[in-house]
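First up is the structure itself, then whatever we jot down about it.
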Amino acid sequence: MSKDAILSAIRRGLKRGPLPEDQQAMLRARMAAHPRHLIPARSRVARPAQVALFVGNVEKEFGTVERVADAAEIPAAIAQYLAGQNLPPRFVMAPHPELQALPWGRAPMLAHEARRAQASDLVSVQHGFAGVAETGTLMLPSDPARPTTLNILADTEIVVLRSSAIVGAYEEAWDRLRTAGKLGDPHASGVMPRNVMFVTGPSRSADIEQTLELGAHGPRRLHIVLLDDDPEAR
Amino acid sequence: MVHLTSPAFKTNAARAMRDPGLQKALGTAKGAFLQRRAAAVAALPEFEALRDIGREIKNHTLAHLDFYLETFAANVERVGGKVHWCSTAEEARATVLKICQDEGAKTVTKGKSMISEELGINDHLEAHGIQPVETDLGEYILQLRREHPSHIIAPAFHLNREDWEADFRRMHTDLPPDRVFAERRDILAEARTRLREKFLAADVGITGANFLIAETGSSVIVTNEGNGDLTQTLPRVHIALASIEKVVPTLEDCCSLLRLLARSATGQDFSVYTTFSTGPKRAPDLDGPEAYHVVLLDNGRSNMMGTEFQEMLRCIRCAACMNHCPVYGAVGGHAYGWVYPGPMGSVLTPSLVGVEKTGHLPNASTFCGKCESVCPVKIPLPKMMRHWREREFERHLTPASMRRGLGLWAWFAQRPALYRAVTRFGIGAVALLGRGRGSFRSLPLAGGWTEGRDLPVPEGGTFMARYKAQQRKAAR
Ligand code: SF4
């Protein structure tokens, strides 16, 4: 069997047999503790500066951000953004309770359907799980309330994110996800969600003469509506 | 497997240097990568410290590779995925074909994967009536041209914008032939539209993997275009192709390596999409593939363990070594004659396909050391190329003329006084020949050397003579 052949060739190279049980236990303990390594100092700053770093990095990577003070303002903010981009007032939305609870009636021209995305959807609205300040990166894990197709099929992706969900480093975003698992969220029993996307700006390609051009296969525009729900981060 | 033309490296290289289109492309492309990498590295003061961490993470993993691979496989299976261990390219090809056939697949979309090049999977699928569609923009045009990648992260490194326009006009015949490509963006838009239908129609999606995470059983891809995500999300089946050295223990270990990868590769702080896939669609999910397979390929790597080439298995395929290599910059990727070009290819290719046919590659180096100095996991590439040269010499695979020359040199070198006398004479003779010009374009008996570079005319004596003169000056 190839599995045995591969493992024994590796062990032959390492000049040992299978790892003794005590050493295996040590490696399992390392995985259970999943220690962090060096975290760059750039994100080790006070909360307001962390949020500002996130916003600055999103913009550097050609994304856009609008900050709103109250969840009730989100529908109007989305309606305005779409009008400003000359986009129709229709979108596919993640069936997430927080998004569904928004007062959509306040933007009566807007129409949405809560489902996975299809090829014909021009605009999607996703629920952001976390933002990572060090590079302006969104963490978008899949679950029934956050379909993956919303991140890749539409021409324009809008992500609603709470400022309280912005962390400094990638490791802190994983910590949030690990904790959510323990709290019995959809990612129960410590199992990874099927898909976790880190998204940094709209899609692009450098394949033609190594020159970055926006608008490859994924969304051509990435817009973040940032809800300032964290008093410490203002 | 991709056809091996490494034995003809010298002819390949000579042809490459006479190809004006290629030389233009190499000139345009190179500068962009170098400047962007330098800027990204300068903006992260911890970059040097992270290189040491990256090296340590990979060394730790390799020292326990058997354990982490078994843990990875167990975790994939725990979430309902399947792992296929494959010793050879042939076995991996058969495995992929069987999965596609069991699925009744007609078309297969593909994300960028160097392992798939190693397997030559496209030809194999086509031969069995299954249509593979490359979806990475660079891979897409290469499929239209029936070519192989010339670079590990920018497959169409050797092409100019004119080539793109001409090929799109030639192949997309249903579009108006006189359409205008005013910007690079227009080329991108045409490919996007064209590939949309393919993404939606595909039965199986094949991606590579930049990392495998043992702790969670995840495969990780890093892309800018989003094609990899469409490939692994929309079809009913996702197959991830990965070689055994891609595994790392934890998500945190992966984060440290990710901080190095994009900066070293394209000079971005982070790529647009870094995606962790773990098993098939969960029952209540609204999207995602119904089946998830990992094809775990050895293809000669396990034999590198415990040898002087083990450290090569730390490679995270960032391409910094080739971007900074003067030889790659002069001849491009195709001259190397197999899947992996540049310094990393010169070390890896002989390990995977045998040094007998690839002995020229470790010699394609100026030993300037730039590759090692930019490698994010500090692989001693020049040292390893030297190891290959030594092995090759021991095996008497070096061409006879070179062996004679080196043997003669060794004989003189062991007799310092004689050596100095002879080199003094030689230098004088060469200087005389070259009087009035700065460098030689060609030189008798050294055609192989001067064909691709100019030899500066020596000015004033041997190194030893100059060194002595300096010492005398300093002593005064
Ligand atoms: S050898 Fe180093 S520099 Fe070259 S591709 Fe691998 S990791 Fe990058």
The one condition A:VAL199 fails out of (1) within 8 Å of chain B (Cβ to nearest Cβ); (2) at pLDDT below 95; (3) touching a strand residue (DSSP E or B) at 6+ places or on another chain (Cβ under 6 Å) is (2)
Residues in the range B:360-370: is at least one among the β-branched types (Val, Ile, Thr) and open to solvent by less than 10 Å² (accessible area, probe 1.4 Å)? no
Taking the stated definitions as given, is A:ARG67 more than 7 Å from chain B (Cβ to nearest Cβ) and under 20 Å from A:THR156 (Cβ atoms)? yes
Scanning the range B:116-125 for residues that are over 30 Å from B:PRO20 (Cβ atoms) and within 16 Å of the ligand (Cβ to nearest atom) gives B:GLU118
Any chance the range B:343-365 includes a residue that's at positive phi and within 15 Å of the ligand (Cβ to nearest atom)? no
Condition met for B:HIS293 (within 16 Å of the ligand (Cβ to nearest atom) and either more than 13 Å from every other protein chain (Cβ to nearest Cβ) or among the aromatic types (Phe, Trp, Tyr) (or both)): no
Output the residues belonging to the range B:235-253 that are more than 7 Å from chain A (Cβ to nearest Cβ) and either within 23 Å of the chain's Cα centre (by Cα) or surrounded by fewer than 24 Cβ atoms within 10 Å (Cβ to Cβ) (or both). B:ARG236, B:VAL237, B:ILE239, B:ALA240, B:LEU241, B:ALA242, B:SER243, B:GLU245, B:LYS246, B:VAL247, B:VAL248, B:ASP253
Does A:LEU122 meet the test of being surrounded by fewer than 24 Cβ atoms within 10 Å (Cβ to Cβ), at pLDDT below 95 and either under 18 Å from B:GLY228 (Cα atoms) or more than 15 Å from the chain's Cα centre (by Cα) (or both)? no
Residues within the range A:26-46 that are assigned to a helix (DSSP H, G or I) and buried (at least 17 other Cβ atoms within 10 Å of the Cβ), tallied: 4
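Condition check ((1) within 8 Å of another protein chain (Cβ to nearest Cβ); (2) at pLDDT 95 or above; (3) over 30 Å from B:PHE309 (Cβ atoms)) across all residues:
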{"position": "A:LEU27", "(1), (2), (3)": "yes, yes, no"}
{"position": "A:PRO40", "(1), (2), (3)": "yes, yes, yes"}
{"position": "A:ALA79", "(1), (2), (3)": "no, yes, yes"}
{"position": "A:LEU82", "(1), (2), (3)": "no, yes, yes"}
Subset of the range B:167-187 [away from chain A (no Cβ under 13 Å) and either open to solvent by 20 Å² or more (accessible area, probe 1.4 Å) or of a type in the set (A, V, I, L, M, F, W, C) (or both)]: B:ARG169, B:ARG170, B:MET171, B:THR173, B:ASP174, B:LEU175, B:PRO176, B:PRO177, B:ASP178, B:ARG179, B:VAL180
Check the range A:5-16 and report whether any residue there is in a helix (DSSP H, G or I), open to solvent by 60 Å² or more (accessible area, probe 1.4 Å) and more than 21 Å from A:LEU138 (Cβ to Cβ). yes
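Every residue, every condition in (1) touching a Leu at 6+ places or on another chain (Cβ under 9 Å); (2) in a loop (DSSP other than H, G, I, E, B); (3) open to solvent by less than 10 Å² (accessible area, probe 1.4 Å); (4) free of Cβ contacts under 8 Å to residues at least 12 places away in the same chain, yes or no:
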{"site": "B:CYS255", "(1), (2), (3), (4)": "no, no, yes, yes"}
{"site": "B:THR274", "(1), (2), (3), (4)": "yes, no, yes, no"}
{"site": "B:GLY279", "(1), (2), (3), (4)": "no, yes, yes, no"}
{"site": "B:PRO284", "(1), (2), (3), (4)": "no, yes, no, yes"}
{"site": "B:GLY300", "(1), (2), (3), (4)": "yes, yes, no, no"}
Among residues of the range B:302-315 being within 16 Å of the ligand (Cβ to nearest atom) and assigned to a loop (DSSP other than H, G, I, E, B), the residue surrounded by the fewest Cβ atoms within 10 Å (Cβ to Cβ) is B:GLU308
Any chance you could count how many residues in the range B:126-163 are farther than 15 Å from B:LEU22 by Cβ, more than 16 Å from the ligand (Cβ to nearest atom), among the hydrophobic types (A, V, I, L, M, F, W, C) and crowded, with 24+ Cβ neighbours inside 10 Å? 1
Going through the range A:55-101 in order, the residues found to be exposed (fewer than 15 other Cβ atoms within 10 Å of the Cβ), part of a helix (DSSP H, G or I) and touching a residue at least 12 places away in the same chain (Cβ under 8 Å) are A:GLY56, A:GLU59, A:LYS60, A:ALA72, A:ALA76, A:PRO97, A:GLU98, A:GLN100
Please go through the range B:316-342 and pick out each residue that is buried (at least 24 other Cβ atoms within 10 Å of the Cβ), more than 8 Å from the ligand (Cβ to nearest atom) and in a helix (DSSP H, G or I). B:ASN323, B:TYR328, B:VAL331, B:ALA335, B:TYR336
By residue number, the members of the range A:1-22 that are facing another protein chain (nearest Cβ under 8 Å) and out of contact with any strand residue (DSSP E or B) (no Cβ under 9 Å at 6 or more places or on another chain) are A:ALA9, A:ILE10, A:ARG11, A:ARG12, A:GLY13, A:LEU14, A:LYS15, A:PRO18, A:LEU19
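The values are calculated or read from the model by the stated rules, or taken from the named source; none is laboratory data. The structure displayed is predicted, hence computed values, not measured ones. Heads up, the Cβs are rebuilt from the backbone with ideal geometry, glycines too, and the neighbour counts pull from every protein chain shown. The protein model used for the area step is the full one, side chains on, heavy atoms only, and it has no ligands, DNA or RNA in it. Shrake-Rupley method; radii C 1.70, N 1.55, O 1.52, S 1.80 Å.
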